Amino acid sequence: MKQTRKWLAMLLALCMLVPLFGLSALAVDKMTNDPGSTKQWGMKAVGMDEAWGMGSTGKGVKVGIIDSGLSTATGDIARSRVEAGPNYTGSIGDSATDIEGHGTFVAGIIGAAKDNRVGIAGVAPECDFYIVKALSDMAQAVDDCVDAGCQVINMSMGTPSDRKANLKDAVEAAAAAGVIVVASVGNEGDTSTPAQYNYPAAYDSVIGVGGVDQNLNVSVFSNKNDSVFVVAPAEKVASLSLLPGIVSTMDGTSFSTPYVAGLAALLKQMNPDMTLAEFKDILINTSIPVNGEFSGHGLIQIPDALRYAAEKWGYELTDPSTPTEPDQPDNPGWNIFDFSWIRNLFQSIIRNLFKGWTPNLSF
C-alpha cells in the first residue's frame, strides 16, 4: 500500500507539472488559440473553422440577448462591447450581471472574442451586445431591443402559450423593422409532449431553431414540429461559464439558437438592410440535410451562407482557401483558470490504476 501511495503521489505531481512546461499534447484540432477551441465541435460542424477566415466578424452589429443577463467577468467579452438594458427579473444588479449563467453561455456562442487566448471563440467575435434580463416580460424585452437599435435578437427561451400579451405583435414589429429574431423551439422532444409548440419560435416572423448531436442526428429532446426552421449543434456545446477562463458544456436548443443568431450578425455586417425574407432564403439554400425528422431546412453551413449572400449582394469576402495556423499561446492548450483537463486526466489514471482491484481505503 505504501508503494501504491508513492505512485499515486508521483502521478498527481506529474499532472500538476504539465502546465508549467506548456505541453500541448492534449490539445488537438485547435481552430483558434483560445484554449476551449478543442471543445468546440459545434463550430466545426457549422463550418466556422473556414468562416472565421472569410472577413465578416459581426463588427458594428448590435445583437440583443433576452436572457438571464451577461457576465463580463469571463474575460472573453469586453465590457465595452456590452450595453446593459432593463432588468425585469428583480434580481440583483443590472442586465450586465448574470448569476445563473444561461445568458453568458448563450452570449459566448454568439460573440466570444477570437484568438485572445481566453475561453472560446464565438461565431461573430466582434459584434456588440444589448442585454435585457427577462423571463416573462418577453414582448417588452423585444420592444426594448428594437428601440435600442439591435439588428438581431436571440431568445433562447419560449412559452407553450401563444397568448402571452403582445408577444406576437412585438416580434412581427421587429421583423417589419428589419430585425432578425431567432428563438429556440424547446426541449420537450423526449417527453410526453414531443410536438409541443413554443413561442416565439413558432411564429412565422421568427427563425425557430432545433438541435443536433455530434453525429448530426436530430437531438432526441429537440421539439418535433414544423416550427423548426433550421438546426444547429445542441449537445455538448462548449461556451463560457461565470468564472474567468472556465469553459463548460451544456445541452439544449437554447444553445443551438445562438449559432443562428451569430450567423445573422455576420450577414447583417455584410448588408445591414437584410430582411427576414432574405435571411430565410439564405438559410433554405445553404443548410444541409441531417439524420432524423423535424430538422427544418437542415444544419446551417456558415461559409456557404456567407458566399451565397456575398454573391447576392455583391459583397467581397476574404478568400479562406489558404488558411493560416492560429497564433499559439505562451502555454499552448492550457489556460491558467481551466483545470478541467487535469481533473479528467487524473480520474482516468485512477480508474485504470484500480481496475479490477478493490483498494483498502482505511489509510
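Every number in this text was worked out from the coordinates using simple rules, so none of it is lab data. Just so it is clear, the model here is predicted, and its values are computed rather than measured. Virtual Cβ from ideal backbone geometry, glycine too; neighbours counted across all protein chains shown.
In region 50-66, how many residues are surrounded by 24 or more Cβ atoms within 10 Å (Cβ to Cβ) and at positive phi?
1
Collect the residues in region 36-89 that are farther than 25 Å from Gly211 by Cα and part of a helix (DSSP H, G or I), keeping them in residue-number order.
Selection gives Thr72, Ala73, Thr74, Arg79, Ser80, Arg81.
For (1) touching a residue at least 24 places away in the same chain (Cβ under 8 Å); (2) over 28 Å from Met274 (Cα atoms); (3) hydrophobic (A, V, I, L, M, F, W, C), each residue gets a yes or a no:
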| site | (1), (2), (3) |
| --- | --- |
| Gly108 | yes, no, no |
| Asp115 | yes, yes, no |
| Phe129 | yes, no, yes |
| Gln140 | yes, no, no |
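Just give me the residues in region 209-233 being free of Cβ contacts under 8 Å to residues at least 60 places away in the same chain and of a type outside the set (Ser, Thr, Tyr), in sequence order.
Once the filter is applied, which keeps residues that are free of Cβ contacts under 8 Å to residues at least 60 places away in the same chain and of a type outside the set (Ser, Thr, Tyr), region 209-233 yields Val209, Gly211, Asp213, Val220, Phe221.
Just need a number here: residues in region 221-236 that are hydrophobic (A, V, I, L, M, F, W, C) and assigned to a loop (DSSP other than H, G, I, E, B). Outline the logic, then answer.
Just the residues of region 221-236 that are hydrophobic (A, V, I, L, M, F, W, C), to begin with: 221, 228-232, 234.
Subset that is assigned to a loop (DSSP other than H, G, I, E, B): 221, 228-229, 234.
Final tally of qualifying residues: 4.
Yes/no matrix, rows are residues, columns are (1) closer than 19 Å to Ala264 by Cβ; (2) surrounded by fewer than 24 Cβ atoms within 10 Å (Cβ to Cβ):
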| residue | (1), (2) |
| --- | --- |
| Gly158 | yes, no |
| Val171 | yes, no |
| Ala176 | yes, yes |
| Thr191 | no, yes |
| Tyr197 | no, yes |
| Val206 | yes, no |
| Asn215 | no, yes |
